[in-house]
Every structure is written in structure tokens, then in C-alpha cells.
Amino acid sequence: MKVGIVGDASRGMAWEQHLRPHSIVSQVDLAPSLKDLDTADACFILDESENNLDTLLEGIQKGFNCFFIAKQPTDIKKLDKIHRASKEAGVLVQFAHWPTLAPATQWMMDKISRPGFIHIEKEISRNQIVDLKTEFRHLWIDEFGLCIKWIDSGIHHIEAKEVSLNEDQPILIHIFLRFDSGASATINVYSGASENRHKRLISSKREILECNVPDQIVKLGRINESKRLYFEKQVFDPSKAAEKAALLFLKSVQLNRETAYTSYDALQLAIQIEKVEQRLKQFS
């Protein structure tokens, strides 16, 4: 398989290292822009610019299967256009939604495919945040996208409350979701913590998963024959996340099957983000 990597050269070289070890990849071409890439079975687009969705659309229109590596976009009109264009062109698109693509999450999704409950607590040290308003928004968007993707049901009800200091310094957000399936999800993000902490709890009627996100350690809990709760532990390597995500995408292209986080997923997330932000304007 011939793979093109479009974007910043230093980032491109890092992604090339993730691809080279795999037999599925026969050639890797680095290009500063799409116009410099002639042909490719798969195209990795590394672009954090304001017009990066236009670049993705161009790649789709050129007939490339695209892995879009950037912060999660929220422009509904452009995402709708991208989704329609990918269907018309018959190409696959994968968005770099890291909470979904992480190896630990992929393993957990295999264990509990349709959870009835998700609870997420994320605490971030203020010292690690540079652009508070922009970064804080993406903190909750990432977790919100995971809940929507995993539970995979229409959203029946949304509650959202944000706390900001001096009106323009967001420090805390709480989101509650009730789905048509009866499942629910809660997301709490706090940006004033003394140290980082990030935990996800996911449950079905028979199992519970506890994920320490920074360390990618997962505990799977079940009731044994003695009616006692016992846990199994799985440990995943956070440094392998990008390589595993790249391989997920390439296997989707090879098998011509849906990617792990599709243009439809990205579009639905953007639509629901707009609804959350409407609630925040009402009650925050």
C-alpha cells in the first residue's frame, strides 16, 4: 500500500516512523501539500490551520482515503459537505478522535459494545493550559464525542453547566446526557486542579470498566461464581496510540470497511456540540 503524508515535515517524519514497520505499507511519500502528492492508497493529512477542512475536502475530491489528524472540527456545514463528498467519491475518512482511537478504548469497546452508563472525571493542572478558552472547549468536546460514539443512540436530553471566573475564564463544566436507549453519561471537567487526573467508568448490566486514561490502565470488573466482584487488569502502552490508530485506518482501507471514527461520527458530534453550547448560553 502506498501512503502519502501531507503537512509539516517534522510531524510527517514522526508519522512515517509509525508506518514503516508494517508490511501493509510498501511506500511512504512525504509532501508539503496535496498538490505535491500524485497518487496514494491512503493519505494522512496533518493540518491544524483554520482552513484544514478545506484541505480534507480537496483530498477527498482527489479520490484519497484520508486520515485527518487535527483537533476535532466543529463546523457543521463543512463537515456535512465532507461527509457527502466522501460518500460520492467512495473513499474512507478517519478523524483523529484520540479518546476513541486509543488502544485501551478499542479494547474496552470490544468488551462492552453498548454501555448503559458512562461517567468521566477529568482534572487538568492550570499550568498546562496556554489558551484557556480554546483548550478547555476541546477538553470536554473529546469526552463528549466518546460518549456519543460509544453509546450509539439518539440523545433524548442534554443538561450542561459551565462555571467561569470573571466571565471569560472557564474552570468547570458538567454535562449530563440521557439517550433514547435509556443509557446515560456524565462528563465533569475541571481546569484548576493541582495535578492531572483522568478516569472513565463504563458499565453494562454484567460488567464495569474503570480506565485510568493517562496510564492507559483498564480494570474489568465482573461478579464471580461466589457472588463477589473481581477485577482483571489490562495495561496498554500510551506511546503506541498513534501507531495503532494509523494501523486501524490502513486496515479499514485494505478491507474497505468503515473507519474507527468516520465523517458521520464527526458530523454528529458537531451537531450535538451546538446543542450543548445552546444549553450553556441558557444556564451558565
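The values are calculated or read from the model by the stated rules, or taken from the named source; none is laboratory data. The shown structure was predicted, so the numbers you read here are calculated from the model rather than taken from an experiment. As a convention, Cβ positions derive from the backbone with ideal geometry for all residues, glycine included, and neighbour counts pool all protein chains shown. What goes into the accessible areas is simple: the full protein's heavy atoms, side chains included, and nothing from ligands, DNA or RNA. Shrake-Rupley method; radii C 1.70, N 1.55, O 1.52, S 1.80 Å.
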Note, L220: beta-carbon cut-off 10 Å, +1 each Lys/Arg, -1 each Asp/Glu, net +1
Within the set R200, R257, R228, GNM on the chain using Cα springs under 10 Å gives the largest fluctuation to R228
Counting sequence-distant residues (5 or more places) and residues on other chains, those with an amide H built under 5 Å from that of Q94 are C66, F67, F68
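Send over a whole-number figure in Å² for the accessible area per residue of the stretch 59-212, probe 1.4 Å.
Details: 7140 Å² over 154 residues.
Roughly 46 Å² per residue, with all protein chains present.
What FRET efficiency would be calculated for the residue pair S204, F176, taking the C-beta separation as r and a Förster radius of 22 Å, to the nearest 0.05? It would help to have the intermediate numbers written out before the result.
On the way: r = 20 Å, r/R0 = 0.89.
According to the calculation, E is roughly 0.65.
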Taking alpha-carbon centroids only, the stretch 243-284 lies from the stretch 192-206 a number of Å equal to 21
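Send over a whole-number figure in Å² for the accessible area per residue of the stretch 216-284, probe 1.4 Å. Don't jump to the answer; show the numbers that get you there.
Working: 4150 Å² over 69 residues.
With all protein chains present, the stretch 216-284 gives 60 Å² per residue.
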Full extension between H156 and S226 adds, at 0.36 nm per residue less the Cα distance, a length in nm of 21.4 nm
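What fraction of the DSSP beta bridges in the chain is antiparallel, stated in percent and rounded to the nearest 5?
Working: 41 of 66 bridges.
Bridges in the chain are about 60 percent antiparallel.
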One finds, for R20 and L255 with R0 = 22 angstrom and r their Cβ-Cβ distance, a FRET efficiency to the nearest 0.05 of 0.55
Simple SL model, points at 7 angstrom along Cα→Cβ for E277 and Q169; separation in nm is 2.4
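Given R₀ = 45 Å, FRET efficiency for S33-N188 by Cβ-Cβ distance, to 0.05? Intermediate results must be reported in sequence, preceding the final value.
Values: r = 41 Å, r/R0 = 0.91.
E between S33 and N188, to the nearest 0.05, is 0.65.
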Placing each pseudo-label 7 Å from Cα in the direction of the beta carbon, S10 and K77 end up separated by a distance in nanometres of 3.5
If the chain between I217 and N51 were fully extended at 0.36 nm per residue, the gain over the current Cα-Cα distance would be 56.1 nm
Karplus ³J(HN,Hα) for the stretch 211-216 (6.51 cos²θ - 1.76 cosθ + 1.60, θ = phi - 60°; Hz, whole; x = Gly/Pro) runs 10, 7, 5, x, 8, 6
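Taking all protein chains in place and a 1.4 Å probe, what share, in percent, of the accessible surface of the chain do carbon and sulfur account for?
Working: 6610 of 14400 Å².
Carbon and sulfur atoms account for 46 percent of the accessible area of the chain.
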Straight-line reach check, K233, cutoff 28 Å on alpha carbons, 8 or more apart in-chain or any other chain, hits among lysines -> K111, K122, K149, K199, K205, K219, K244, K251
